[in-house]
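J.: Have a look at the structure that comes next, please.
The values are calculated or read from the model by the stated rules, or taken from the named source; none is laboratory data. Predicted model, so just to flag it, every value in this text is computed and none were measured. A quick note on method: Cβ atoms are made from the backbone with ideal geometry, for glycine too, and the neighbour counts reach across all protein chains shown. What goes into the accessible areas is simple: the full protein's heavy atoms, side chains included, and nothing from ligands, DNA or RNA. Shrake-Rupley method; radii C 1.70, N 1.55, O 1.52, S 1.80 Å.
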Amino acid sequence: MTENKNEEQTLENETIEESAAEAVFAEEEIPAEDNQGPVEKDELQLAHEKIAELEAKIEEMDNRYLRLQADFDNSRRRAKLDMEAAQKYRVQSIASDLVEALDNFERATKIEAENEQTKSLLSGMEMVYKAITDALSKEGIEPISSVGQEFDPRLHQAVMQVQDENFGSNIVVEEFQKGYLLKDRVIRPAMVKVNE
């Protein structure tokens, strides 16, 4: 019987030791799990914050790209319009100078010719005058019609006013100097006399 008691006690001791070992392992495992839980949560939170930060950067870069694209499109459109305007009005500077020469030709052709030599000289000047006006007309430069037209401050420069019953109010009565248009742009306004 003593042997049975010893065996029982040994079994009992082993059970107690196993229970104690299990309890120790259980205590160690619980804190270990608790310690790993917050670590994983911190890492997860950091990962979410990093993702949010990267998404914000991507959105900012997308917005910057769209703004740059819009700026580029606007610049390209402005450059195209500038180039078209430069092409359309390329002869403006030379036309401004030639208009002065046309004035001189007009004055010269109004001179009374007294002999054949003067008449032939005037005839040659009229031919040159016509050739210049034809060349300017091909480039879109036309004289502004004034006499009998309503006064337009964009096209006419009034230097005198008169009261003439033969003309209506605000009508151009006389033209002192021709004005010229280059397509839709005024090169020089016509200098006119206007009825009140």
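J.: In terms of Cα to Cα distance under 17 Å, which lysines are near enough to Lys178, apart from those fewer than 8 places away along the same chain?
T.: Lys110, Lys130, Lys193
J.: Over the stretch 91-196, give the accessible area per residue in Å² for a 1.4 Å probe, as an integer. Intermediate values should be presented prior to the final figure.
T.: Details: 6780 Å² over 106 residues.
Per-residue accessible area for the stretch 91-196 comes out at 64 Å².
J.: Counting only protein heavy atoms and using a 1.4 Å probe, what share of the accessible area of the stretch 88-150 belongs to carbon plus sulfur, as a whole percent?
T.: Roughly 53 percent, rounded to a whole number.
J.: Going 7 Å from the Cα of Asn104 toward and past its Cβ, which residues in the stretch 161-196 have a backbone nitrogen under 19 Å from where you end up?
T.: 177-180, 188
J.: Straight-line reach from Lys57: which lysines have Cα under 27 Å away, leaving out those fewer than 8 places along the same chain?
T.: Within reach: Lys41.
J.: What is the sum of charges, Lys and Arg at +1 and Asp and Glu at -1, for the other residues whose Cβ falls under 11 Å from the Cβ of Gly148?
T.: -3
J.: State the extension gain, in nm to one decimal, for the chain segment bounded by Met127 and Asn115, taking 0.36 nm per residue of separation less the distance between their alpha-carbons.
T.: 2.5 nm
J.: Can you check how the C-alpha radius of gyration of the stretch 59-194 compares to 2.2 N^0.38 Å, as a plain ratio? Walk me through the numbers before you get to the answer.
T.: Working: Rg = 23.0 Å, N = 136, 2.2 N^0.38 = 14.2 Å.
Compactness ratio reported: 1.62.
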